[in-house]
1. Need a quick list: strands (runs of 3 or more DSSP E) entirely within segment D:1-76 having at least 3 residues that are surrounded by fewer than 17 Cβ atoms within 10 Å (Cβ to Cβ).
2. Would it be correct to say that residue B:26 is closer than 24 Å to residue B:153 by Cβ, small (Gly, Ala, Ser) and within 11 Å of another protein chain (Cβ to nearest Cβ)?
3. Would you call residue B:127 more than 16 Å from the chain's Cα centre (by Cα), of a type outside the set (Asp, Glu), away from chain C (no Cβ under 14 Å) and part of a helix (DSSP H, G or I)?
4. Given the criterion within 9 Å of chain B (Cβ to nearest Cβ) and not in a helix (DSSP H, G or I), identify the matching residue among C:208, C:152, C:166, C:156.
5. Pick from segment D:120-141 the residues that are within 19 Å of residue D:169 (Cβ to Cβ), in contact (Cβ under 8 Å) with a residue 12 or more places away in the chain and outside any helix (DSSP H, G or I): which of them is nearest to the other protein chains (Cβ to nearest Cβ)?
6. I'd like to verify a number: residues in segment D:60-78 that are of a type in the set (S, T, N, Q) and more than 13 Å from chain C (Cβ to nearest Cβ), how many?
7. I'm trying to understand the selection: among the residues of segment B:60-95, which are aromatic (Phe, Trp, Tyr) and away from chain A (no Cβ under 12 Å)?
8. If you go through segment B:232-252, how many residues are surrounded by fewer than 21 Cβ atoms within 10 Å (Cβ to Cβ) and either within 30 Å of residue B:69 (Cα to Cα) or touching a Pro at 6+ places or on another chain (Cβ under 7 Å) (or both)?
Amino acid sequence: MPFENISEFIAMGGHGLYVWLSYAIAAVVIGYNLISPRMAKKQLYKEHQRKLRREQS
Amino acid sequence: MWQLFVRWFHKWSSPKWFYEMSKPWSFWLGWAALLITTTAIIWGLGFAPVERLQGNSYRIIFIHVPSAFLSEAIYVTIAIAGAIGLIWRIKLAYYVAKICVPLGMSMAFLALATGAIWGKPTWGHWWVWDMRITSMLILLLLYIGLWALHNAMERPESGDRAAAILALVGVVNIPVIKFSVNLVTTLHQPATLKFTEKAPMHISMLIPLLLSILGFYLAFLALMLVRSRIEILRRERKAKWVQQEIEQLGNR
Amino acid sequence: MIKLVQHTLQRELTLAYRRRADLLNPLFFFVLVVSLFPMGITTDLDKLTEMSGGVLWVCALLASLLSLDLMFRNDFEDGSLEQMLLSSAPPQVIVLCKIFCHWLVTGVPLTLLSPLLSIMLALPGHALPVLMASLLLGTFSLSLIGSIGAALTVGLRKGGLLLTILIMPVLVPVLIFGTSTVQAIVLGLAWPGYLAFLGAFTAGAFALAPWLTVAALKVSVCD
Amino acid sequence: MTKLAVANNLFCERDDRILFKDLSLNITQGEIVHIKGPNGAGKTTLLRRLIGLSWVVEGDLSWHESVSESGIRPDGHRFWYLAHRPAVTLMQTPLENLAFAVAMHQADVSEPSLWAALADVGLKGFEDVPAHSLSAGQQRRVALARLYLNLPQIKLWVLDEPFTALDVQAVSQLETTIESFAEQGGTVIMTSHHGLHHTSVRELHIGAAA
């Protein structure tokens with residue numbers, strides 16, 4: 001085990017900033033990639049609804 | 001054998017077939033990717049031993065290397081899909097190529113950002129004109145070009161074809177770019193992982209790294225399928241089955 | 001076929017002559033930007049010698065990028081371009097003629113101008129022939145690769161900036177081989193290898209660019 | 001008579017709007033096909049599809065071997081295409097423009113015939129003037145001059161609005177030329193808002209009017 005306790009794990013032997021910053025950016029990028037398909041689906045649905053309404057009126 | 005392949009190819013190149021058949025695939029691939037990547041990252045962050053020279057900062061490798069690998073693989077995928085589209089006029093190939101662009105772009109960005117952050121504890125600078133970082137920057141620029149070209153075209157069909165041609169130009173150039181960048185950058189360490197020679201890494205670091213690479217690839221495949229399905233819905237709007245499918249989106 | 005090549009070259013060159021004001025702009029740009037460098041960075045001749053190759057190369061690259069947008073634009077707007085694609089001769093031949101003329105009227109003048117600017121940047125005299133050779137080759141591959149970008153963006157109203165974004169990353173090897181050649185001779189190292197890389201790159205571009213350009217032109221014209 | 005071109009199930013859509021669908025088209029050698037339709041009906045697009053200059057139209061099309069080796073689109077040296085953009089380079093003289101058009105068809109035409117063709121369209125005395133100093137009608141005539149060259153290998157004219165910007169006299173002259181070309185066995189496919197008065201004109205309506 002490289003780390004004895006949680007604070008050592010967070011500190012990463014003085015490199016905590018770099019490691020956690022990297023992982024934070026990774027989380028943001030991957031998170032965006034996971035969420036954006038959902039947003040796109042919603043957008044498609046909304047556009048479809050708008051089109052239906054336009055055709056009805 | 002060839003006949004079988006051709007039939008398989010034709011089936012999968014039909015948007016409707018692809019839409020139906022890819023559903024379970026993206027589901028299982030997605031869960032597998034999540035499981036494997038989480039395992040790899042927990043292992044890499046908490047349990048892999050400290051590297052002798054770089055200390056704990058080397059733990060960035062578990063996202064840096066997979067994203068760098070993936071960004072190059074995605075560019076090649078785009079070029080191949082674009083070529084298939086240009087040669088056989090298969091719309092689905094263009095859709096795949098198109099949705100791969102933002103995926104590849106985000107991976108290139110991630111590789112670049114983590115590479116730069118890693119550079120600070122390793123070399124003492126946030127940015128070093130290292131061969132691999134420089135090539136990654138150029139790859140990111142190539143992605144931006146693809147994306148900009150696609151957006152600039154009025155008709156999406158023209159954008160598809162234009163981007164496919166540009167991707168071919170880029171993919172031919174990638175090895176030359178790497179070679180030339182290698183010429184000017186003297187300050188660099190040898191590539192960490194080469195499949196052709198024995199990796200100098202310790203096995204307890206190598207396994208989480210390989211797992212992480214696998215997980216990233218699986219996640220890419222899953223996301224590619226999901227996004228392709230949305231692109232099919234968007235571009236094939238006029239088809240009746242697509243409209244029914246969009247209706248159902250609201251029910252979920 | 002030979003007649004067609006003759007005709008196309010003649011047409012392109014007379015057109016270039018009649019639109020010569022357009023052609024002078026890249027040259028002025030080249031002179032202007034190169035002379036900005038010493039003012040912006042340093043007037044120390046020793047330091048300038050060190051960077052001269054790179055500065056000349058970057059500026060030549062930017063200057064000829066400026067003129068790329070016009071490669072097909074006029075022909076696209078007056079309809080000549082679609083006639084070229086309909087021609088019974090392979091359109092690749094016509095495109096190659098156009099690329100060659102573009103190089104003749106931008107790359108070659110830039111090269112001819114470079115001795116003057118190399119004096120301003122204190123490039124050693126013995127490096128000059130190598131600089132000019134590298135610029136001649138490099139600007140040709142720039143015209144070749146640039147034609148693909150010009151063809152992709154010819155249908156867009158604001159194609160100029162996009163063209164730069166598309167083509168810049170692909171031109172990195174040209175820049176690197178070119179500056180490395182010049183720097184090698186300035187530092188007294190072996191330079192022919194770098195020049196050979198540049199030559200190989202140009203040969204590759206020569207083989208592929210006409211086909212890709214025609215494919216791109218078809219996208220721009222046919223859609 | 002030989003069927004020059006057969007097209008089936010042509011379908012075209014622009015911006016989610018269907019311009020035409022299930023359009024079938026037979027073109028026989030020696031006839032004048034006049035494609036009619038309101039603005040924006042897809043006439044130009046259809047013409048461009050016929051000569052292989054458009055990818056937006058779906059459907060089957062085959063050309064007879066007398067004008068096309070590949071069968072997909074007519075060979076470049078077998079036809080003239082007069083487009084909406086007339087391919088007249090303004091920085092060049094009418095003579096240079098005509099000579100270049102001929103060169104791209106890889107045809108051999110003597111200098112005097114070029115002069116004669118330009119004289120036929122009423123550009124005598126303007127041969128060496130830059131085209132940008134000509135009027136709009138004269139510029140159209142520069143493009144039309146190639147139709148007066150009488151090249152034997154040309155079997156087909158594809159004309160997109162050939163009467164635009166022409167005066168009454170030039171219009172009737174062009175009509176006569178088109179008719180005599182058809183009488184000699186040539187085929188003409190054209191769009192125009194102007195009616196042609198000729199026995200063998202076949203009108204084809206596309207778009208809303210159909």
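1. Numbers: elements: D:3-14, D:17-28, D:32-36, D:57-63.
Counting at least 3 such residues, we get D:3-14, D:17-28, D:57-63.
2. Details: closer than 24 Å to residue B:153 by Cβ: no; small (Gly, Ala, Ser): yes; within 11 Å of another protein chain (Cβ to nearest Cβ): yes.
Answer is no for this residue.
3. Numbers: more than 16 Å from the chain's Cα centre (by Cα): yes; of a type outside the set (Asp, Glu): yes; away from chain C (no Cβ under 14 Å): yes; part of a helix (DSSP H, G or I): no.
In short, no.
4. Details: C:208 fails: not in a helix (DSSP H, G or I); C:152 fails: not in a helix (DSSP H, G or I); C:166 fails: not in a helix (DSSP H, G or I).
Only one candidate qualifies: C:156.
5. Step one: of segment D:120-141, the residues within 19 Å of residue D:169 (Cβ to Cβ) are D:120-126, D:134-141.
Filter once more, keeping what is in contact (Cβ under 8 Å) with a residue 12 or more places away in the chain: D:120-123, D:126, D:134, D:136-141.
Retained after the next criterion (residues that are outside any helix (DSSP H, G or I)): D:121-123, D:126, D:134.
On the way: D:121: 18, D:122: 21, D:123: 18, D:126: 17, D:134: 13 Å.
Among those residues, the one meeting the criterion is D:134.
6. Filtering segment D:60-78 for residues of a type in the set (S, T, N, Q) gives D:62, D:66, D:68, D:70.
Now narrow it down to the ones that are more than 13 Å from chain C (Cβ to nearest Cβ): D:62, D:66.
The total comes to 2.
7. Pass one, segment B:60-95, residues aromatic (Phe, Trp, Tyr): B:62, B:69, B:75, B:88, B:94-95.
Matches in segment B:60-95: B:69, B:75, B:88, B:94, B:95.
8. 3
The values are calculated or read from the model by the stated rules, or taken from the named source; none is laboratory data. No experiment lies behind these values; they were computed from the predicted model shown. Note: ideal-geometry Cβ built from the backbone for every residue, glycine included; neighbour counts use all protein chains shown.
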